[in-house]
1. Look at residue 42 and say whether it is at pLDDT below 95, surrounded by 10 or more Cβ atoms within 10 Å (Cβ to Cβ) and touching a strand residue (DSSP E or B) at 6+ places or on another chain (Cβ under 6 Å).
2. Output the number of residues of the range 78-105 satisfying the condition of being touching a helix residue (DSSP H, G or I) at 6+ places or on another chain (Cβ under 8 Å) and more than 23 Å from residue 151 (Cα to Cα).
3. Could you check, for the range 138-147, whether at least one of its residues is farther than 21 Å from residue 101 by Cα and modelled with pLDDT under 95?
4. Kindly evaluate residue 172 against the criterion of being exposed (fewer than 15 other Cβ atoms within 10 Å of the Cβ), at pLDDT 95 or above and under 24 Å from residue 79 (Cβ atoms).
5. Only residues that are under 24 Å from residue 210 (Cβ atoms) and out of contact with any strand residue (DSSP E or B) (no Cβ under 7 Å at 6 or more places or on another chain): list them for the range 151-177, please.
6. Taking only the range 104-136 into account, find how many residues are touching a strand residue (DSSP E or B) at 6+ places or on another chain (Cβ under 9 Å) and assigned to a loop (DSSP other than H, G, I, E, B).
7. So, of the residues in the range 187-217 that are outside any strand (DSSP E or B) and either in contact with a strand residue (DSSP E or B) (Cβ under 6 Å, 6 or more places away or on another chain) or without any contact (Cβ under 8 Å) to a residue 40 or more places away in the chain (or both), which turns out to be surrounded by the most Cβ atoms within 10 Å (Cβ to Cβ)?
8. So which pairs qualify, if the first residue must be in the range 16-38 and on the phi < 0 side of the Ramachandran plot and assigned to a strand (DSSP E or B), the second must be surrounded by 10 or more Cβ atoms within 10 Å (Cβ to Cβ) and modelled with pLDDT under 90, the Cβ gap must be under 6 Å, and the two must be at least 6 apart or on different chains?
């Protein structure tokens, strides 16, 4: 038995994802449901006499942490290029304040990701840098860029999946069941590095479950 976390990013309806990442090395997981209730205590009564009223809706949130480390295999199983992901194209106006049109190749087979934010270190460079996403640094950069929703006019939405997998002796998957399968938005991405573990990142994601409403609705 083992657990697998998948993070998926979509445009418009949740159908075919443009990014899928599998997070391993889970260190912490927390799921909470908020069920708001207004409580009015009656004078001259013990607590059992309080009047409870539920008028607001419920909300659900997932917070989980894992260690990003160098991997033998690509932890991304889908990774499209930005000219496919962005419906309005990759012109200079899409990447303010740098104002440089994006060009590059995100290769699943070669585990190569081209940043939409970082240039090469050459003087006055306008060439976007590439990263190996089998490395911890490459994963961190790709995750921080892939899973950031741009705004109300953008149509990105996310899906969080937690699978319970039963493995065969050879390590292959015998069966799997959903523990969580939630649509919503990632509301916080955190990446921390310590001097004692310079080759890894401690990552934390907060995911708010719900129906994403934007200008495309």
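1. no
2. 1
3. Here is the first cut: in the range 138-147, the ones farther than 21 Å from residue 101 by Cα are 138-140.
If we keep only those that are modelled with pLDDT under 95 too, we end up with none.
Within the range 138-147, not a single residue is farther than 21 Å from residue 101 by Cα and modelled with pLDDT under 95.
4. Details: exposed (fewer than 15 other Cβ atoms within 10 Å of the Cβ): yes; at pLDDT 95 or above: no; under 24 Å from residue 79 (Cβ atoms): yes.
Taking the combined requirement at face value, the residue does not satisfy it.
5. 151, 152, 153, 154 - these are the residues of the range 151-177 that are under 24 Å from residue 210 (Cβ atoms) and out of contact with any strand residue (DSSP E or B) (no Cβ under 7 Å at 6 or more places or on another chain).
6. Looking only at the range 104-136, we keep the residues that are touching a strand residue (DSSP E or B) at 6+ places or on another chain (Cβ under 9 Å), and these are 104-108, 110-121, 125-133, 135-136.
Going one step further and asking which of them are assigned to a loop (DSSP other than H, G, I, E, B), we end up with 104-106, 108, 110-111, 120-121, 125-127, 133, 135.
Result for the range 104-136: 13.
7. The initial filter retains those residues of the range 187-217 that are outside any strand (DSSP E or B), namely 195-196, 210-217.
Still in the running and either in contact with a strand residue (DSSP E or B) (Cβ under 6 Å, 6 or more places away or on another chain) or without any contact (Cβ under 8 Å) to a residue 40 or more places away in the chain (or both): 195-196, 210-213, 217.
Working: 195: 5, 196: 6, 210: 15, 211: 8, 212: 18, 213: 9, 217: 8.
For the range 187-217, the residue satisfying everything is 212.
8. none
The values are calculated or read from the model by the stated rules, or taken from the named source; none is laboratory data. Keep in mind that this is a model prediction, so the values were computed, not measured. Neighbour counts run over all protein chains shown; Cβ positions are idealised from the backbone, glycine included.
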